[in-house]
Amino acid sequence: MKRLLFTLSLLATPIFAQDTSLHDYLIDGEPWKEAASGYVFTDGLCCDAAGNLYFTDVKAGKGIYKIDVATGKTDLFLDNLPGISGLQIGPDGRFYACHNKEQRIIAITMKGEVEVLLTGVKCNDLVVSKKGNLYFTETPTLSVHLITKDKKHLVADAGHVQKPNGITISPDERTLAVSEYGGKHVWAWRIEDDGTLTGGAPYMTMWLPVGKEIASGDGATTEANGRYFVTTELGVQVFDTAGRLAGIIAKPDPLGKVVSVEFAGKDHDILYIAAGEKIFGRKLKVKGYF
């Protein structure tokens with residue numbers, strides 16, 4: 001019954017309606033602009049309270065890189081941490097990371113001190129709530145995990161999401177959303193007071209490339225009013241709070257790939273994407289949830 005109630009607003013067929021949606025987000029004359037380049041496979045976008053953007057180079061990077069919000073300059077921020085695929089700054093001011101290369105979840109201080117939270121997992125991406133609960137996706141095992149604020153590990157959902165990948169949380173921190181890399185849905189669960197998940201269902205339907213049944217849902221982030229931004233093969237797909245597809249923001253390179261997505265910048269109104277060897281940013285009318 002919980003699942004039925006949770007999915008009443010789910011559309012059976014997605015609506016691609018630019019005239020009612022993208023005008024609410026995009027600014028005329030504000031295209032994608034290159035923010036960083038010279039990498040191999042950028043990923044793990046996250047930001048701090050000031051709006052500085054952090055990212056990784058999963059395939060060839062040395063650690064965590066930073067794009068300074070004031071200067072736009074990119075530097076290696078923390079060294080000796082190769083192979084991170086998911087990254088976020090938690091409420092305690094530390095980085096939390098899917099150290100995919102080492103099959104572990106770690107917490108990292110701004111000085112580079114590492115605490116290992118969990119090992120033996122093929123982690124992909126994560127999100128941390130303001131309460132300190134950490135959720136991460138494990139794509140090969142079709143599972144979503146929870147590490148509670150008191151460091152207990154639970155498998156929150158298994159066997160339902162087709163290759164779970166990108167993960168994000170609603171501004172009220174009552175809904176967790178996870179994109180399918182091997183399907184066409186973005187799943188959503190209710191977050192209970194203890195951090196556990198209930199009522200999981202394929203709440204959003206991603207637009208598919210012509211002739212395909214897989215959207216390749218990847219990174220995900222949430223805008224301040226609760227809209228979800230998900231990177232896919234077609235671009236960044238935007239969903240409203242009712243789960244309806246509002247529109248698709250085209251990729252900088254139609255033939256390129258977009259992976260991670262995050263809001264950053266001084267006012268948290270620049271949407272950044274990790275696109276292969278480059279990072280791009282685009283100023284929007286809306287702000288990210290931080």
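Readers should treat all values here as calculations from the given coordinates under stated rules, not as data from a laboratory. Treat the numbers as computed from the prediction; the structure is a model and nothing was measured. Here Cβ is always computed from backbone atoms with ideal geometry, including for glycine, and neighbour counts include all displayed protein chains.
Worth a mention:
- By the rule of a C-alpha distance below 17 Å, with chain neighbours fewer than 8 residues away ignored, the aspartates and glutamates paired with Lys287 are Asp24, Asp28, Glu30, Asp48, Asp172, Glu173, Glu223, Asp240, Glu262, Asp267, Asp269.
- Any cysteine of the chain lacking a neighbouring Cys Cβ under 4.7 Å - listed by number: Cys46, Cys47
- Cut-off under 5 Å, modelled amide H: who pairs with Ala156 long-range: Val144, His145, Leu146
- Residues with amide H under 5 Å from that of Ala215, placed H, sequence gap 5 or more: Gly183, Lys184
- Ignoring lysines fewer than eight residues from Lys62 along the same chain, the ones with Cα atoms less than 28 angstrom from its Cα are Lys33, Lys73, Lys101, Lys111, Lys122, Lys151, Lys163, Lys251, Lys257, Lys266, Lys278.
- Value of relative contact order over the chain, rounded to a whole percent, pairs C-alpha under 8 Å and six or more apart: 19 percent
- From phi via Karplus (6.51, -1.76, 1.60), per-residue ³J(HN,Hα) for region 265-279 in Hz, x at Gly/Pro: x, 3, 9, 6, 10, 9, 8, 9, 10, 8, 10, x, 7, 10, 10
- 3J(HN,Hα) from dihedral phi, region 36-48, Karplus parametrisation 6.51/-1.76/1.60, rounded to Hz, x for glycine, proline: 7, 8, x, 10, 10, 9, 6, 6, x, 5, 7, 9, 9
- Under 11 Å, Cβ to Cβ, from Lys59 - net charge with Lys/Arg +1 and Asp/Glu -1: -2
- For region 192-199, backbone phi angles converted through the Karplus equation (6.51, -1.76, 1.60; θ = phi - 60°) give residue-by-residue couplings of 7, 4, 8, x, 6, 10, 9, x Hz, Gly and Pro being listed as x.
- For Ala35, nonlocal amide neighbours, meaning residues 5 or more places apart or on other chains whose placed amide H falls under 5 Å from its own, are Ile279, Phe280, Gly281.
- Looking at region 211-251, the GluC sites (Glu not before Pro) that sit in a DSSP loop and have at most 12 other Cβ atoms within 10 Å of their own Cβ are Glu213.
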